[in-house]
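The values are calculated or read from the model by the stated rules, or taken from the named source; none is laboratory data. Worth saying up front: this structure is predicted, and the values here are computed from it rather than measured. With ideal geometry, Cβ positions are generated from the backbone for all residues, glycine too; neighbour counts draw on all protein chains shown. Accessible surface is based on the protein model in full, side chains and every heavy atom, while ligands, DNA and RNA are left aside. Shrake-Rupley method; radii C 1.70, N 1.55, O 1.52, S 1.80 Å.
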Amino acid sequence: MTLPPPMEAGKVYLIGAGPGDPELLTLKARRLIDAADYVLYTGSLVPDVHFVGIRGEVEDSKGLTLDDMVGRMVERARQGQRIARVHTGDPAVYGATHEQIARLEAAGVPWEVVPGVTSALAAAAVLGAELTIPEMTQTIVLSRTAGRTPMPPGEDLQDLARLGNATLCLYLSATLVEKVARELIAGGRPASTPVAVVQHATLPTQRILRGTLATIASEVRTARVRDQAMVLVGPALDPELRHHVGQHESRLYAADFSHRFRRAERGGGSDDPAGPDIDATLPPSEPT
Ligand code: SAH
């Protein structure tokens, strides 16, 4: 077992802090935040409880422009400081990291991205929902509805609605849920499609609203959900599924299903007797 490399001087770490619960920081995120000389965090979304008692200087990026932010990071990096740029969830998802990375590259400042738990998956966890239910849906879409940022051609919710029963995880869209429902119905999703809205997932202020495409807008309006909420849409969000024993079950653990690591109990139902894999799409050496 080798120890992880120490935080490097003069380098910017773009770190995902997860959805809010301090225990959902990765060990790596925790270690880097603790070791940093300078922490720049997205104060509108990342709770400052993550930074209590740390040794470094802590600054909220809320009031800064991109140039201010990068300017501060570049200046400190050149002084040999260790920098933690802390984002909510995972930095790769609506994290506005691409433009920071491009500027750091241009300035010749080394950088590294540390992943975090994105809020779509935190919301799924608090709902107790599997987003990929066999023979119902095997696809997850991470998207949003157009706000001030327009959607590129072909990515409107009407287009995404046509992806079968795919579970849609919509960021930045809770205040526009009426439009979301309208567009998904126009794209062919039934009005009875289950929808869940999770606000402040994993934080003490967490709230869960459930409904359908027909009802969710009024639920959200009545509950006055405004900030920091995820909208999840699709039949996989049906809360009744937890009572359906014996339906939509993965073949992986089925008693009559053989695979490389287990022989069927009765009448081996593998497609490939020569060398069955758990999933034909996986290379043979990788169990799920
Ligand atoms: N990088 C972040 C997303 C930033 S965009 C991530 O990976 O989660 C901001 C959007 O993320 C919000 O509009 C909301 O849709 C979602 N979000 C962030 N934190 C959340 C939380 N704790 N609960 C629910 N949604 C959250």
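Key figures for this structure:
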| item | result |
| --- | --- |
| Residue that is most open to solvent (accessible area, probe 1.4 Å) [pool: residues in region 181-196 that are out of contact with any helix residue (DSSP H, G or I) (no Cβ under 6 Å at 6 or more places or on another chain) and not hydroxyl-bearing (Ser, Thr, Tyr)] | 182 |
| Single residue of 264, 236, 217 found to be in a loop (DSSP other than H, G, I, E, B) and either more than 30 Å from residue 45 (Cβ to Cβ) or modelled with pLDDT of 80 or more (or both) | 264 |
| Lone qualifier among 147, 116 - being within 16 Å of the ligand (Cβ to nearest atom) and modelled with pLDDT under 95 | 147 |
| Residue 80 open to solvent by 30 Å² or more (accessible area, probe 1.4 Å) and more than 12 Å from the ligand (Cβ to nearest atom) | yes |
| Selection count, region 201-247, where residues are within 22 Å of the chain's Cα centre (by Cα), more than 22 Å from residue 140 (Cα to Cα) and open to solvent by 70 Å² or more (accessible area, probe 1.4 Å) | 5 |
| Criterion (without any contact (Cβ under 8 Å) to a residue 40 or more places away in the chain and part of a helix (DSSP H, G or I)) met by exactly one of 124, 181 | 181 |
| Long-range neighbours under 7 Å by Cβ, at least six apart or interchain, first residue farther than 16 Å from residue 57 by Cβ within region 71-94, second part of a helix (DSSP H, G or I) | 89/119 |
| Output for region 158-175, where each listed residue is buried (at least 20 other Cβ atoms within 10 Å of the Cβ) and assigned to a helix (DSSP H, G or I) | 160, 161, 174 |
| Cβ pairs under 6 Å, 6+ apart, first in region 207-231 and in contact (Cβ under 8 Å) with a residue 12 or more places away in the chain, second within 16 Å of the ligand (Cβ to nearest atom) and part of a loop (DSSP other than H, G, I, E, B) | 228/200; 231/173 |
| Close pairs (6 angstrom Cβ cut-off, 6 or more residues apart or separate chains): of a type in the set (Gly, Ala, Ser) in region 37-64, more than 16 Å from the ligand (Cβ to nearest atom) and open to solvent by 30 Å² or more (accessible area, probe 1.4 Å) anywhere | 56/37 |
